[in-house]
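What follows is a short report on a single structure.
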Amino acid sequence: MKKTHTAFTEFMQYTALNVLGMIGLSCYILADTFFVSKGLGADGLAALNLAIPVYSFIHGTGLMLGIGGATKYSILKGQKMSCDTNTVFTNTVYTGILAAFIFMAAGFFLSGDITSLLGADRAVFSMTKTYLRVIMLFAPAFILNDICICFVRNDGNPRLSMFAMLTGSLSNIILDYLFIFPLDMGIFGAVLATGMAPVISMLVLSMHWLKGKNRFHLQKTGMSAEMIFSILPLGFPSLITELASGIVMIAFNRIILRLQGNTGVAAYGVVANLSLVVLSIYTGIAQGMQPLVSRFYGKGDTEGRNRVLKYALLTMMLLSCGIYLGIFRFAGPIAGIFNSDKNRQLEAIAVEGLRLYFTAAPFAGFNIVISMYFTSVERAFPAQIISLLRGLLLILPLAFGLAYLAGITGVWLAFPVTEGLTAIGGVFLFRRDRVHYKCETAPK
(Lines give C-alpha, C1' and ligand atoms only; values in the text may rest on other atoms or scores of the structure.)
Protein backbone atom coordinates (compact mmCIF):
# COMPACT_ATOMS: atom_id res chain seq x y z
CA MET A 1 0.00 0.00 0.00
CA LYS A 2 2.83 2.38 0.89
CA LYS A 3 4.55 1.54 -2.41
CA THR A 4 1.37 2.39 -4.36
CA HIS A 5 0.91 5.64 -2.45
CA THR A 6 4.53 6.64 -3.15
CA ALA A 7 4.18 5.93 -6.87
CA PHE A 8 0.96 7.97 -7.07
CA THR A 9 2.49 10.87 -5.14
CA GLU A 10 5.53 10.91 -7.38
CA PHE A 11 3.37 10.69 -10.49
CA MET A 12 1.21 13.62 -9.40
CA GLN A 13 4.28 15.70 -8.57
CA TYR A 14 6.04 15.04 -11.86
CA THR A 15 2.89 15.32 -13.96
CA ALA A 16 1.40 18.44 -12.37
CA LEU A 17 4.71 20.29 -12.59
CA ASN A 18 5.39 19.12 -16.11
CA VAL A 19 1.89 19.95 -17.41
CA LEU A 20 2.23 23.48 -16.04
CA GLY A 21 5.66 23.79 -17.59
CA MET A 22 4.55 22.47 -20.97
CA ILE A 23 1.58 24.83 -21.05
CA GLY A 24 4.01 27.64 -20.36
CA LEU A 25 6.33 26.41 -23.11
CA SER A 26 3.49 26.20 -25.63
CA CYS A 27 2.58 29.80 -24.84
CA TYR A 28 5.71 30.91 -26.71
CA ILE A 29 3.75 30.75 -29.96
CA LEU A 30 0.32 31.47 -28.45
CA ALA A 31 1.58 34.81 -27.11
CA ASP A 32 2.94 35.63 -30.56
CA THR A 33 -0.46 34.74 -32.05
CA PHE A 34 -2.30 37.05 -29.68
CA PHE A 35 0.03 40.06 -29.95
CA VAL A 36 0.61 39.67 -33.70
CA SER A 37 -3.15 39.52 -34.29
CA LYS A 38 -3.61 42.71 -32.25
CA GLY A 39 -0.64 44.59 -33.71
CA LEU A 40 -0.44 43.34 -37.31
CA GLY A 41 -3.95 42.04 -38.13
CA ALA A 42 -4.92 39.06 -40.29
CA ASP A 43 -1.87 39.33 -42.59
CA GLY A 44 0.49 39.18 -39.62
CA LEU A 45 -1.40 36.19 -38.24
CA ALA A 46 -1.22 34.42 -41.61
CA ALA A 47 2.56 35.11 -41.83
CA LEU A 48 3.07 33.73 -38.33
CA ASN A 49 1.06 30.61 -39.10
CA LEU A 50 3.07 29.97 -42.28
CA ALA A 51 6.35 30.21 -40.32
CA ILE A 52 5.38 28.12 -37.26
CA PRO A 53 6.18 24.74 -38.92
CA VAL A 54 9.88 25.63 -38.92
CA TYR A 55 9.69 26.21 -35.17
CA SER A 56 8.17 22.72 -34.91
CA PHE A 57 11.20 21.28 -36.74
CA ILE A 58 13.65 23.01 -34.36
CA HIS A 59 11.67 22.11 -31.24
CA GLY A 60 11.26 18.52 -32.49
CA THR A 61 15.02 18.14 -32.84
CA GLY A 62 15.51 19.42 -29.30
CA LEU A 63 12.86 17.05 -27.94
CA MET A 64 14.28 14.08 -29.83
CA LEU A 65 17.69 14.62 -28.26
CA GLY A 66 16.39 15.69 -24.85
CA ILE A 67 13.84 12.91 -24.37
CA GLY A 68 16.06 10.26 -25.97
CA GLY A 69 19.09 11.22 -23.89
CA ALA A 70 17.15 11.72 -20.65
CA THR A 71 15.32 8.39 -21.07
CA LYS A 72 18.64 6.60 -21.50
CA TYR A 73 19.94 8.50 -18.47
CA SER A 74 17.00 7.38 -16.28
CA ILE A 75 17.32 3.75 -17.33
CA LEU A 76 21.05 3.73 -16.54
CA LYS A 77 20.34 5.32 -13.16
CA GLY A 78 17.79 2.61 -12.42
CA GLN A 79 20.42 0.00 -13.31
CA LYS A 80 22.98 1.76 -11.04
CA MET A 81 25.28 2.44 -14.01
CA SER A 82 26.12 6.02 -13.05
CA CYS A 83 29.50 5.91 -14.80
CA ASP A 84 27.77 6.05 -18.21
CA THR A 85 25.33 8.90 -17.46
CA ASN A 86 27.87 11.67 -18.15
CA THR A 87 28.68 10.11 -21.51
CA VAL A 88 24.97 10.16 -22.39
CA PHE A 89 24.62 13.85 -21.49
CA THR A 90 27.83 14.89 -23.27
CA ASN A 91 26.96 13.12 -26.51
CA THR A 92 23.43 14.53 -26.40
CA VAL A 93 24.78 18.08 -26.11
CA TYR A 94 27.36 17.56 -28.88
CA THR A 95 24.65 16.30 -31.25
CA GLY A 96 22.37 19.19 -30.30
CA ILE A 97 25.04 21.77 -31.13
CA LEU A 98 25.69 20.14 -34.50
CA ALA A 99 21.97 20.17 -35.37
CA ALA A 100 21.63 23.79 -34.23
CA PHE A 101 24.36 24.99 -36.59
CA ILE A 102 22.58 23.31 -39.51
CA PHE A 103 19.39 25.25 -38.69
CA MET A 104 21.37 28.49 -38.32
CA ALA A 105 23.02 28.05 -41.71
CA ALA A 106 19.64 27.37 -43.33
CA GLY A 107 18.17 30.47 -41.71
CA PHE A 108 21.03 32.69 -42.83
CA PHE A 109 21.31 31.49 -46.42
CA LEU A 110 17.94 29.93 -47.34
CA SER A 111 15.21 31.85 -45.49
CA GLY A 112 13.81 33.36 -48.71
CA ASP A 113 13.63 29.99 -50.47
CA ILE A 114 11.97 28.38 -47.45
CA THR A 115 9.43 31.22 -47.28
CA SER A 116 8.47 30.61 -50.91
CA LEU A 117 8.26 26.87 -50.28
CA LEU A 118 5.83 27.47 -47.40
CA GLY A 119 3.45 29.23 -49.80
CA ALA A 120 3.71 32.86 -48.62
CA ASP A 121 2.21 35.28 -51.14
CA ARG A 122 3.32 38.86 -51.81
CA ALA A 123 1.19 40.29 -48.97
CA VAL A 124 2.89 38.26 -46.24
CA PHE A 125 6.25 37.26 -47.79
CA SER A 126 8.41 39.83 -46.02
CA MET A 127 6.96 39.19 -42.55
CA THR A 128 7.18 35.41 -42.98
CA LYS A 129 10.82 35.60 -44.11
CA THR A 130 11.79 37.80 -41.15
CA TYR A 131 10.18 35.43 -38.67
CA LEU A 132 11.84 32.39 -40.24
CA ARG A 133 15.35 33.86 -40.36
CA VAL A 134 15.38 34.99 -36.73
CA ILE A 135 13.77 31.84 -35.31
CA MET A 136 16.36 29.67 -37.07
CA LEU A 137 19.25 31.80 -35.83
CA PHE A 138 18.02 31.13 -32.30
CA ALA A 139 18.07 27.33 -32.92
CA PRO A 140 20.99 26.70 -30.47
CA ALA A 141 19.01 28.24 -27.63
CA PHE A 142 15.84 26.25 -28.39
CA ILE A 143 17.63 22.90 -28.79
CA LEU A 144 19.95 23.21 -25.77
CA ASN A 145 17.04 24.41 -23.63
CA ASP A 146 14.98 21.33 -24.57
CA ILE A 147 17.93 19.07 -23.70
CA CYS A 148 18.58 20.71 -20.35
CA ILE A 149 14.89 20.72 -19.35
CA CYS A 150 14.62 16.97 -19.99
CA PHE A 151 17.82 16.08 -18.13
CA VAL A 152 17.09 18.31 -15.14
CA ARG A 153 13.59 16.83 -14.85
CA ASN A 154 14.95 13.27 -15.02
CA ASP A 155 17.62 14.17 -12.49
CA GLY A 156 14.93 14.50 -9.84
CA ASN A 157 14.20 18.22 -10.19
CA PRO A 158 10.85 18.57 -12.01
CA ARG A 159 10.09 21.73 -10.03
CA LEU A 160 13.05 23.62 -11.50
CA SER A 161 12.21 22.38 -15.01
CA MET A 162 8.67 23.69 -14.60
CA PHE A 163 9.90 27.00 -13.22
CA ALA A 164 12.32 27.41 -16.13
CA MET A 165 9.59 26.75 -18.71
CA LEU A 166 7.14 29.12 -17.03
CA THR A 167 9.78 31.85 -16.63
CA GLY A 168 10.71 31.56 -20.30
CA SER A 169 7.07 31.77 -21.33
CA LEU A 170 6.32 34.73 -19.07
CA SER A 171 9.35 36.61 -20.38
CA ASN A 172 8.15 35.92 -23.93
CA ILE A 173 4.74 37.43 -23.18
CA ILE A 174 6.24 40.53 -21.57
CA LEU A 175 8.80 41.04 -24.33
CA ASP A 176 6.15 40.43 -27.01
CA TYR A 177 4.12 43.32 -25.66
CA LEU A 178 7.13 45.62 -25.31
CA PHE A 179 8.61 44.89 -28.72
CA ILE A 180 5.35 44.97 -30.74
CA PHE A 181 3.56 47.92 -29.12
CA PRO A 182 5.73 50.48 -27.27
CA LEU A 183 8.80 49.80 -29.44
CA ASP A 184 6.79 49.17 -32.65
CA MET A 185 9.17 46.43 -33.89
CA GLY A 186 6.47 44.48 -35.74
CA ILE A 187 7.02 40.82 -36.63
CA PHE A 188 10.73 41.12 -35.81
CA GLY A 189 9.81 42.06 -32.25
CA ALA A 190 7.52 39.04 -31.95
CA VAL A 191 10.17 36.55 -33.08
CA LEU A 192 12.93 38.25 -31.06
CA ALA A 193 10.84 37.85 -27.91
CA THR A 194 10.27 34.18 -28.75
CA GLY A 195 13.98 33.60 -29.36
CA MET A 196 15.04 35.20 -26.07
CA ALA A 197 12.68 33.02 -24.02
CA PRO A 198 14.82 29.81 -24.09
CA VAL A 199 17.90 31.86 -23.19
CA ILE A 200 16.14 33.08 -20.05
CA SER A 201 14.91 29.53 -19.36
CA MET A 202 18.47 28.18 -19.48
CA LEU A 203 19.61 30.84 -17.01
CA VAL A 204 17.02 29.47 -14.58
CA LEU A 205 18.09 25.87 -15.25
CA SER A 206 21.71 26.78 -14.48
CA MET A 207 20.72 26.81 -10.79
CA HIS A 208 20.71 23.00 -10.94
CA TRP A 209 24.47 23.11 -11.51
CA LEU A 210 25.27 26.18 -9.40
CA LYS A 211 23.63 24.59 -6.33
CA GLY A 212 25.49 21.32 -6.94
CA LYS A 213 22.31 19.23 -7.33
CA ASN A 214 23.32 17.74 -10.67
CA ARG A 215 24.30 14.08 -10.97
CA PHE A 216 25.49 14.51 -14.55
CA HIS A 217 27.89 16.88 -16.27
CA LEU A 218 29.87 17.42 -19.47
CA GLN A 219 33.07 15.43 -19.69
CA LYS A 220 36.04 15.37 -22.03
CA THR A 221 35.15 12.70 -24.52
CA GLY A 222 34.72 12.33 -28.26
CA MET A 223 31.37 11.74 -29.92
CA SER A 224 30.36 8.10 -29.65
CA ALA A 225 28.38 6.84 -32.64
CA GLU A 226 27.20 3.86 -30.58
CA MET A 227 25.89 6.10 -27.79
CA ILE A 228 24.23 8.55 -30.20
CA PHE A 229 22.48 5.74 -32.07
CA SER A 230 21.18 4.32 -28.79
CA ILE A 231 19.74 7.74 -27.88
CA LEU A 232 18.16 8.78 -31.19
CA PRO A 233 15.64 5.90 -31.56
CA LEU A 234 14.24 6.66 -28.09
CA GLY A 235 13.65 10.31 -28.98
CA PHE A 236 12.69 9.73 -32.60
CA PRO A 237 8.91 9.52 -31.93
CA SER A 238 9.06 13.02 -30.43
CA LEU A 239 10.86 14.27 -33.52
CA ILE A 240 8.30 12.59 -35.78
CA THR A 241 5.47 14.22 -33.81
CA GLU A 242 6.94 17.70 -34.11
CA LEU A 243 8.09 17.33 -37.72
CA ALA A 244 4.73 15.89 -38.67
CA SER A 245 3.03 18.79 -36.91
CA GLY A 246 4.98 21.19 -39.09
CA ILE A 247 4.38 19.22 -42.29
CA VAL A 248 0.66 18.88 -41.54
CA MET A 249 0.44 22.61 -40.82
CA ILE A 250 2.04 23.34 -44.19
CA ALA A 251 -0.41 20.99 -45.92
CA PHE A 252 -3.41 22.41 -44.06
CA ASN A 253 -2.29 25.95 -44.86
CA ARG A 254 -2.14 25.14 -48.57
CA ILE A 255 -5.53 23.38 -48.55
CA ILE A 256 -7.24 26.16 -46.59
CA LEU A 257 -5.52 28.87 -48.66
CA ARG A 258 -7.14 27.34 -51.73
CA LEU A 259 -10.54 27.00 -50.05
CA GLN A 260 -10.78 30.22 -47.99
CA GLY A 261 -7.74 32.42 -48.76
CA ASN A 262 -5.64 34.27 -46.18
CA THR A 263 -8.67 34.69 -43.89
CA GLY A 264 -9.03 30.91 -43.71
CA VAL A 265 -5.32 30.50 -42.95
CA ALA A 266 -5.65 33.08 -40.16
CA ALA A 267 -8.64 31.16 -38.77
CA TYR A 268 -6.65 27.93 -38.91
CA GLY A 269 -3.94 29.79 -37.00
CA VAL A 270 -6.37 30.16 -34.08
CA VAL A 271 -7.21 26.43 -34.14
CA ALA A 272 -3.61 25.28 -34.66
CA ASN A 273 -2.17 27.45 -31.92
CA LEU A 274 -4.79 26.40 -29.39
CA SER A 275 -3.99 22.84 -30.45
CA LEU A 276 -0.37 23.45 -29.43
CA VAL A 277 -1.55 24.25 -25.91
CA VAL A 278 -3.96 21.29 -25.67
CA LEU A 279 -1.41 18.81 -26.99
CA SER A 280 1.19 20.27 -24.64
CA ILE A 281 -1.02 19.19 -21.73
CA TYR A 282 -0.94 15.61 -22.97
CA THR A 283 2.77 15.89 -23.62
CA GLY A 284 3.16 17.14 -20.07
CA ILE A 285 1.37 14.06 -18.73
CA ALA A 286 3.49 11.78 -20.93
CA GLN A 287 6.79 13.45 -20.07
CA GLY A 288 5.85 13.52 -16.38
CA MET A 289 5.21 9.77 -16.54
CA GLN A 290 8.44 9.00 -18.44
CA PRO A 291 11.11 9.31 -15.69
CA LEU A 292 9.08 7.06 -13.37
CA VAL A 293 8.31 4.41 -15.99
CA SER A 294 11.95 4.36 -17.14
CA ARG A 295 13.16 4.02 -13.56
CA PHE A 296 10.76 1.14 -12.83
CA TYR A 297 11.78 -0.44 -16.13
CA GLY A 298 15.48 -0.15 -15.22
CA LYS A 299 14.73 -1.87 -11.90
CA GLY A 300 12.65 -4.60 -13.56
CA ASP A 301 9.48 -3.53 -11.68
CA THR A 302 6.68 -4.35 -14.15
CA GLU A 303 3.89 -3.67 -11.64
CA GLY A 304 5.25 -0.20 -10.89
CA ARG A 305 5.49 0.89 -14.52
CA ASN A 306 1.97 -0.41 -15.33
CA ARG A 307 0.59 1.45 -12.33
CA VAL A 308 2.11 4.74 -13.51
CA LEU A 309 0.69 4.17 -17.02
CA LYS A 310 -2.79 3.66 -15.52
CA TYR A 311 -2.49 6.94 -13.60
CA ALA A 312 -1.44 8.74 -16.79
CA LEU A 313 -4.36 7.41 -18.86
CA LEU A 314 -6.94 8.23 -16.18
CA THR A 315 -5.57 11.76 -15.82
CA MET A 316 -5.62 12.20 -19.58
CA MET A 317 -9.27 11.13 -19.89
CA LEU A 318 -10.48 13.44 -17.12
CA LEU A 319 -8.67 16.41 -18.62
CA SER A 320 -9.91 15.58 -22.13
CA CYS A 321 -13.53 15.81 -21.01
CA GLY A 322 -12.96 19.21 -19.43
CA ILE A 323 -10.96 20.51 -22.41
CA TYR A 324 -13.55 19.63 -25.02
CA LEU A 325 -16.51 20.91 -23.00
CA GLY A 326 -14.68 24.20 -22.44
CA ILE A 327 -13.75 24.62 -26.11
CA PHE A 328 -17.25 23.73 -27.33
CA ARG A 329 -18.88 26.19 -24.92
CA PHE A 330 -16.46 29.07 -25.46
CA ALA A 331 -15.49 28.62 -29.13
CA GLY A 332 -16.86 32.07 -30.02
CA PRO A 333 -14.98 34.02 -27.32
CA ILE A 334 -11.78 32.05 -28.04
CA ALA A 335 -11.95 32.99 -31.73
CA GLY A 336 -12.72 36.59 -30.77
CA ILE A 337 -9.50 36.90 -28.75
CA PHE A 338 -7.45 36.48 -31.94
CA ASN A 339 -9.79 38.46 -34.21
CA SER A 340 -8.81 42.09 -33.64
CA ASP A 341 -10.30 43.12 -37.02
CA LYS A 342 -13.74 41.73 -36.01
CA ASN A 343 -13.73 39.72 -39.24
CA ARG A 344 -17.00 37.75 -39.26
CA GLN A 345 -15.77 35.26 -41.84
CA LEU A 346 -12.67 34.50 -39.78
CA GLU A 347 -14.77 34.02 -36.64
CA ALA A 348 -17.26 31.70 -38.36
CA ILE A 349 -14.50 29.51 -39.82
CA ALA A 350 -12.59 29.38 -36.52
CA VAL A 351 -15.65 28.51 -34.40
CA GLU A 352 -16.61 25.59 -36.66
CA GLY A 353 -12.96 24.49 -36.68
CA LEU A 354 -12.60 24.56 -32.90
CA ARG A 355 -15.73 22.50 -32.30
CA LEU A 356 -14.90 19.82 -34.88
CA TYR A 357 -11.11 19.67 -34.60
CA PHE A 358 -10.99 19.10 -30.84
CA THR A 359 -13.31 16.10 -30.83
CA ALA A 360 -9.91 14.40 -31.27
CA ALA A 361 -8.83 15.35 -27.74
CA PRO A 362 -9.12 11.97 -25.90
CA PHE A 363 -7.73 10.00 -28.84
CA ALA A 364 -4.76 12.35 -29.27
CA GLY A 365 -4.09 12.19 -25.52
CA PHE A 366 -4.09 8.39 -25.56
CA ASN A 367 -1.74 8.26 -28.53
CA ILE A 368 0.76 10.67 -26.96
CA VAL A 369 0.77 8.84 -23.61
CA ILE A 370 1.05 5.32 -25.04
CA SER A 371 3.80 6.39 -27.45
CA MET A 372 5.82 7.84 -24.57
CA TYR A 373 5.24 4.67 -22.55
CA PHE A 374 6.81 2.60 -25.35
CA THR A 375 9.74 5.03 -25.49
CA SER A 376 10.20 4.83 -21.71
CA VAL A 377 10.65 1.04 -21.81
CA GLU A 378 12.98 1.05 -24.84
CA ARG A 379 10.27 -0.14 -27.26
CA ALA A 380 11.16 2.39 -29.95
CA PHE A 381 9.47 0.62 -32.87
CA PRO A 382 5.80 0.73 -31.70
CA ALA A 383 6.32 4.32 -30.53
CA GLN A 384 7.56 5.23 -34.00
CA ILE A 385 4.62 3.45 -35.66
CA ILE A 386 2.11 5.44 -33.59
CA SER A 387 3.91 8.71 -34.30
CA LEU A 388 4.08 8.01 -38.04
CA LEU A 389 0.42 6.96 -38.26
CA ARG A 390 -0.93 10.06 -36.52
CA GLY A 391 1.67 12.44 -37.90
CA LEU A 392 1.93 11.59 -41.59
CA LEU A 393 0.60 8.30 -42.91
CA LEU A 394 -3.07 8.90 -42.07
CA ILE A 395 -3.64 12.63 -41.63
CA LEU A 396 -2.24 13.85 -44.95
CA PRO A 397 -4.31 11.61 -47.27
CA LEU A 398 -7.35 12.11 -45.03
CA ALA A 399 -6.94 15.90 -45.11
CA PHE A 400 -6.80 16.03 -48.90
CA GLY A 401 -9.53 13.42 -49.33
CA LEU A 402 -11.98 14.90 -46.82
CA ALA A 403 -11.30 18.43 -48.08
CA TYR A 404 -12.26 17.26 -51.57
CA LEU A 405 -15.46 15.64 -50.26
CA ALA A 406 -16.58 18.19 -47.66
CA GLY A 407 -14.53 21.37 -48.12
CA ILE A 408 -13.34 23.17 -44.99
CA THR A 409 -15.48 20.88 -42.76
CA GLY A 410 -13.53 17.92 -44.10
CA VAL A 411 -10.26 19.62 -43.20
CA TRP A 412 -11.37 19.99 -39.58
CA LEU A 413 -12.54 16.35 -39.41
CA ALA A 414 -9.23 14.96 -40.70
CA PHE A 415 -7.58 15.37 -37.28
CA PRO A 416 -10.15 13.49 -35.13
CA VAL A 417 -10.52 10.69 -37.71
CA THR A 418 -6.73 10.27 -37.79
CA GLU A 419 -6.34 10.22 -34.01
CA GLY A 420 -9.24 7.79 -33.60
CA LEU A 421 -7.82 5.31 -36.11
CA THR A 422 -4.34 5.64 -34.58
CA ALA A 423 -5.74 4.98 -31.09
CA ILE A 424 -7.18 1.68 -32.32
CA GLY A 425 -3.73 0.79 -33.65
CA GLY A 426 -2.15 1.90 -30.36
CA VAL A 427 -4.37 -0.46 -28.35
CA PHE A 428 -3.41 -3.32 -30.68
CA LEU A 429 0.33 -2.56 -30.36
CA PHE A 430 0.09 -2.32 -26.57
CA ARG A 431 -1.68 -5.67 -26.22
CA ARG A 432 0.76 -7.29 -28.66
CA ASP A 433 3.73 -5.88 -26.74
CA ARG A 434 2.42 -7.20 -23.42
CA VAL A 435 2.05 -10.70 -24.87
CA HIS A 436 5.61 -10.60 -26.23
CA TYR A 437 6.97 -9.28 -22.94
CA LYS A 438 5.31 -12.09 -20.98
CA CYS A 439 6.82 -14.60 -23.38
CA GLU A 440 10.30 -13.05 -23.02
CA THR A 441 10.17 -13.07 -19.21
CA ALA A 442 8.49 -16.44 -18.76
CA PRO A 443 10.67 -19.14 -17.09
CA LYS A 444 12.37 -21.35 -19.63
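The values are calculated or read from the model by the stated rules, or taken from the named source; none is laboratory data. These numbers come from a predicted model, not from an experiment. Heads up, the Cβs are rebuilt from the backbone with ideal geometry, glycines too, and the neighbour counts pull from every protein chain shown. For accessibility, only protein heavy atoms count, side chains too; no ligands or nucleic acids. Shrake-Rupley method; radii C 1.70, N 1.55, O 1.52, S 1.80 Å.
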Which value, in Å² and to the nearest 10, is the accessible area of K129 when all protein chains are kept and the probe is 1.4 Å? 70 Å²
Select from L170, Q219, G401 the residue farthest towards the positive end of the dipole of the chain; place +1 on Cβ of Lys and Arg, -1 on Cβ of Asp and Glu, and compute about the Cα centre. Q219
Using the Karplus curve 6.51 cos²θ - 1.76 cosθ + 1.60 with θ = phi - 60°, what ³J(HN,Hα) values do you get for each residue of the stretch 287-299, in whole Hz, with x for Gly and Pro? 6, x, 6, 4, x, 6, 4, 5, 5, 4, 4, x, 7
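With every protein chain left in place, what is the accessible area per residue of the stretch 289-444 in square angstrom, probe 1.4 Å? All intermediate terms of the calculation are to be shown ahead of the outcome.
Working: 7230 Å² over 156 residues.
Spelled out: the 1.4 Å probe surface of the stretch 289-444, per residue, equals 46 Å².
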Please report, as a whole percent, how much of the solvent-accessible surface of the chain comes from carbon and sulfur atoms (probe radius 1.4 Å). 69 percent
Surface accessible to a 1.4 Å probe, Y324 within the full protein complex, Å²: 60 Å²
Sticking with the crude label model, points 7 Å out along Cα→Cβ, report the distance from F125 to R432 in nm, one decimal please. 4.8 nm
Which values of log₁₀ I(q)/I(0), to two decimal places, follow from the Debye formula for the stretch 171-231 at q = 0.17, 0.25, 0.26, 0.27 Å⁻¹ with a uniform point scatterer at every Cα? -0.73, -0.94, -0.98, -1.01
Value at 222 nm in deg cm²/dmol, rounded to 500, when DSSP H runs of n ≥ 4 in the chain each add -39,500 (n - 2.57): -30500 deg cm²/dmol
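What fraction, in whole percent, of alpha-carbon pairs in the chain exceed 41 Å separation?
13 percent
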The summed charge of the G62 Cβ neighbourhood (under 15 Å; Lys/Arg +1, Asp/Glu -1) stands at -1
Find the accessible area per residue for the stretch 206-286; the probe is 1.4 Å, ligands and nucleic acids are left out, and the unit is Å². 41 Å²
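Under 8 Å for C-alpha pairs, at least 6 residues apart: give me the relative contact order for the chain, rounded to a whole percent.
24 percent
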Which shape class applies to the stretch 259-410: rounded if a/c is under 1.5, otherwise prolate when a/b exceeds b/c and oblate if not, where a ≥ b ≥ c are the square roots of the Cα gyration tensor eigenvalues? prolate
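Is the shape of the stretch 224-308 best called rounded, prolate or oblate, per the rule: a/c under 1.5 gives rounded, else a/b larger than b/c gives prolate, else oblate, with a ≥ b ≥ c the square roots of the Cα gyration tensor eigenvalues? Show your work: numbers first, answer last.
Values: a/c = 4.82, a/b = 2.10, b/c = 2.30.
The shape class here is oblate.
Once a ≥ b ≥ c are taken as the square roots of the eigenvalues of the Cα gyration tensor of the stretch 74-180, is the result rounded (a/c under 1.5), prolate (a/b larger than b/c) or oblate (a/b not larger than b/c)?
Details: a/c = 3.82, a/b = 1.78, b/c = 2.14.
In terms of gyration-tensor shape, oblate.
Can you give the extra length, in nm with one decimal, that the chain gains between S206 and S116 once fully stretched, where that is 0.36 nm per residue apart less the Cα-Cα distance? Please list the in-between numbers first.
Details: separation 90, 0.36 × 90 = 32.40 nm, distance 3.90 nm.
Once the chain is fully extended between S206 and S116, it gains 28.5 nm.
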Would you please put 312-320, 409-417, 58-66 in order of how densely packed they are, using the mean number of other Cβ atoms within 10 angstrom per residue and starting with the highest? 58-66, 409-417, 312-320
For the chain, modelled as a Gaussian network with Cα springs under 10 Å, which listed residue fluctuates most, M162, M12, M223? M223
For K213, the net charge from surrounding residues (Cβ-Cβ under 14 Å; K, R +1; D, E -1) works out to +3
In debye, nearest 20, what is the charge dipole magnitude of the chain about its Cα centre with +1 on Lys and Arg Cβ and -1 on Asp and Glu Cβ, if you could check? 1300 debye
Charges only on Cβ, +1 for Lys and Arg, -1 for Asp and Glu: so what's the dipole of the stretch 224-328 about the Cα centre, in debye to the nearest 20? 160 debye
Determine, for each peptide in 174-180, 227-233, the mean count of other beta carbons within 10 angstrom over its residues, then list the peptides with the highest first. 174-180, 227-233
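Would you rank L17, L402 by solvent-accessible area, highest first, keeping every protein chain in place and using a 1.4 Å probe?
On the way: L17 20, L402 45 Å².
From most exposed to least exposed: L402, L17.
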Considering the Cα positions of the stretch 361-435, please state its Rg to one decimal place and its Dmax as a whole number of Å. 13.3, 43
